[in-house]
Amino acid sequence: MSDILTHTEEGILTITLNRVAKKNSLTGAMYAAISDALEAAAADPVVRVAVIQGHETIFSAGNDIGDFLKAPPSADSPVIRFLRVISSFPKPLIGAVCGAAVGVGTTLLLHCDLVYAGDNAAFSLPFVNLGLCPEAGSSYLLPRLMGHQRASEALLLGDPFTAETALEVGLINRIVPPAEVHALAHRQAQRLAAKPLASLIASKRLMKQEQAAPVAARLDEEIAIFGRMLREPAAKEALTAFMENRRPDFSAF
């Protein structure tokens, strides 16, 4: 079975992360499949809204580290394409999150228009802990959403935060039991799909146009710095330690 499932019905594209045995960690092939689905949805007048969901027990553990090390991101890699596609998707995009949302599992939500979470959701951004820097425009968007101090706890310390905190700062719209998250997201998607497509697209564009250029520029800057840091000793130590299930030693860096 595919690691990414897509289904379109009644104007709603549903993208399901379907690699639960690997905690929905994302590979290059999965990024490519999501990008393909979103690009097709953007061009298809039948599709009015998209939903990204995982499983009731896990949203995404972030990048698949083994795949990541075998094929580090470059300017034309699938993960970079995915970040550009999701950040510029013109139609309403809904996230449905249960369980852990790590790294890109959290940052992709910054590009969703509505996000619904289970009370078991947990968010974390361990980029600095891996010797890396934020991605997906999160270094621009998160301080504006959470405030500098709380964003620093998330991005500099890598402190995880709960669904309640995510609701308080505006990252998510509502918390419900995990078994109800996907149904709620789809009810809201149905409400959107019943509205005029041109109005949905115009309204989203107007709300996001002020940040569109800064986010695109920050994406480019993050990508360049991330790629450089990935080749440096601290990241190599952190990622190797992760694969070897030990604590990294940053004393020399």
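The values are calculated or read from the model by the stated rules, or taken from the named source; none is laboratory data. As the structure is a computational prediction, the values presented were derived from the model and not from experiment. All Cβ positions, glycine included, derive from the backbone under ideal geometry; neighbour counts span all protein chains shown. These accessible areas exclude ligands, DNA and RNA; they are computed on the full protein's heavy atoms, side chains included. Shrake-Rupley method; radii C 1.70, N 1.55, O 1.52, S 1.80 Å.
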Enumerate the helices (runs of 4 or more DSSP H) found wholly within the range 136-218, keeping only those where 3 or more residues are open to solvent by 50 Å² or more (accessible area, probe 1.4 Å) and more than 19 Å from residue 115 (Cα to Cα). 148-155
Could you give me the residue pairs with C-beta distances under 7 Å whose first residue belongs to the range 165-191 and is closer than 14 Å to residue 142 by Cα, whose second residue is aliphatic (A, V, I, L, M) and open to solvent by 30 Å² or more (accessible area, probe 1.4 Å) wherever it lies, and which are 6+ apart or on separate chains? 167/175; 169/145; 170/145; 171/145
Looking at the range 217-249, which of its residues are among the small types (Gly, Ala, Ser) and modelled with pLDDT under 95? 224, 227, 234, 235, 238, 241
Scanning the range 117-129 for residues that are in contact (Cβ under 8 Å) with a residue 40 or more places away in the chain and open to solvent by 40 Å² or more (accessible area, probe 1.4 Å), which turns out nearest to residue 169 (Cα to Cα)? 122
